[in-house]
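Here is the structure we will look at, set down as structure tokens.
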Amino acid sequence: MKILVTGGCGYVGSVLVPKLLKDGHSIINIDTQWFGNYLPKHKNLRNLKFNLSNIKSLKVKNIECCIHLASIANDPMAELDKSLSWETSALNTYSLMEFLKNIKTKRIIYASSGSVYGISKNPRVTEQTPLKPISLYNKVKMVTERVILSYSKSIETFIIRPATVCGYSPRMRLDVTVNALTFSALSKKEIRVFGGKQVRPNIHIDDMCDIYRFFIKTSKKNSGIYNAGFENKSILDIAKFVEKFIKSKIKIYKDRSDPRSYRLDSTKILKVGFKPKKKIKDAIIDLRNNYQRKVLKKKPNFYSLKWLQKILKNN
Ligand SMILES: NC(=O)c1ccc[n+]([C@@H]2O[C@H](COP(=O)([O-])OP(=O)(O)OC[C@H]3O[C@@H](n4cnc5c(N)ncnc54)[C@H](O)[C@@H]3O)[C@@H](O)[C@H]2O)c1
């Protein structure tokens, strides 16, 4: 199948695109390459350094499916330039949807975020739970979902609301919970926890990629919104878990500015036949092994906030 991927040079995309190529798909990836490009060359990959805002000028035909990952991808980064955040996700997504409609693309799969639910004590946050986005990032994601859903009559729309992703990627993100706590344990022998009571859902990067692969093939009758997170854990519990596998000490600091707390219920995605294969534990062990083999190293572009700050300053 010919697939258009947006944001495929990012943390998730750098694992997903090689898997799609291995599945035999032909990929066109467009990405500004803010955090670099770790995608290996492949005969079935057209990897373009390209801003989604220019989508109208993209020369492509017969795209059957689009996997839309491009976004400013966390809360503090979204706050750096609020207009750019709206532009990058919501406005560019509108242009993307018009483009896909014109070239008669059948299906879009969108990476939204489980954080659209905001703070919730509800033990079962399902797709029916009202959205209470609290940060700009969450609001942008919610509005972008609505933009995509407004095209449901002409394009099959699949909206995925992922938990926080964990595990190794060549374009690493050391700013997401499990990765950050694990890397801190590995490099400093100390796990810094701020607050710690916040409950967050988690998903392994391989399961995340498998979800996109699953929805490429699934029947169109399954189109809709899906939560995607299989382990809800408090930050402190994740830290204790990391401590089990990596010799280190937990240090708890007073709560800072990130009160997001919610538990995702992903029964719906399980009911349509998706089966997760990995756990947080696998991500921690994988990160540890890659660190010990010197495959995983600290690089400035693995800290998305500071890196994007630099890029925006130089523009
Ligand atoms: N990683 C997570 O824990 C997580 C959790 C929930 C949702 N998501 C969502 O999944 C998607 C992928 O996340 P990620 O962790 O890989 O993020 P990432 O920041 O590593 O990747 C995003 C990519 O999009 C690109 N990009 C940004 N603006 C662009 C534009 N205008 N045109 C073209 N490319 C552009 C960036 O260069 C980057 O390579 C994002 O939409 C994110 O919001 C991620």
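For region 194-210, what are the residues that are in contact with a strand residue (DSSP E or B) (Cβ under 7 Å, 6 or more places away or on another chain) and surrounded by 22 or more Cβ atoms within 10 Å (Cβ to Cβ)?
ARG200, PRO201, ASN202, ILE203, HIS204, ILE205, MET208 - these are the residues of region 194-210 that are in contact with a strand residue (DSSP E or B) (Cβ under 7 Å, 6 or more places away or on another chain) and surrounded by 22 or more Cβ atoms within 10 Å (Cβ to Cβ).
Any idea which of (1) surrounded by 19 or more Cβ atoms within 10 Å (Cβ to Cβ); (2) assigned to a loop (DSSP other than H, G, I, E, B) is the one LYS277 doesn't satisfy?
LYS277 satisfies every listed condition except (1).
Does VAL140 qualify as being within 27 Å of ASN47 (Cα to Cα) and either within 16 Å of the ligand (Cβ to nearest atom) or not in a helix (DSSP H, G or I) (or both)?
When the stated conditions are applied, VAL140 passes them.
If I filter region 147-155 for residues that are surrounded by fewer than 22 Cβ atoms within 10 Å (Cβ to Cβ), touching a residue at least 12 places away in the same chain (Cβ under 8 Å) and within 15 Å of the ligand (Cβ to nearest atom), do I get at least one hit?
Checking region 147-155: at least one residue is surrounded by fewer than 22 Cβ atoms within 10 Å (Cβ to Cβ), touching a residue at least 12 places away in the same chain (Cβ under 8 Å) and within 15 Å of the ligand (Cβ to nearest atom).
Yes or no: region 158-169 includes at least one residue that is in a loop (DSSP other than H, G, I, E, B), of a type in the set (Ser, Thr, Tyr), over 25 Å from LEU287 (Cα atoms) and away from the ligand (no atom under 12 Å from the Cβ).
no
Scan (1) within 22 Å of SER113 (Cβ to Cβ); (2) free of Cβ contacts under 8 Å to residues at least 12 places away in the same chain for the single condition ILE203 breaks and write down its number.
(2)
Can you pull out the residues in region 195-214 that are touching a Ser or Thr at 6+ places or on another chain (Cβ under 9 Å) and not small (Gly, Ala, Ser)?
LYS197, GLN198, VAL199, ARG200, PRO201, ASN202, ILE203, ILE205
In region 143-157, what residues are of a type outside the set (Gly, Ala, Ser) and assigned to a loop (DSSP other than H, G, I, E, B)?
TYR151, LYS153, ILE155
Restricting to region 172-192, give me the number of residues that are within 14 Å of the chain's Cα centre (by Cα) and either surrounded by fewer than 22 Cβ atoms within 10 Å (Cβ to Cβ) or among the polar types (S, T, N, Q) (or both).
The total comes to 5.
None of the figures in this text is laboratory data; all of them are computed from the coordinates on show. Since the model is a prediction, treat every value here as computed from it, not as a measurement. Positions of Cβ are generated from backbone atoms using ideal geometry, with glycine treated the same way; all protein chains shown enter the neighbour counts.
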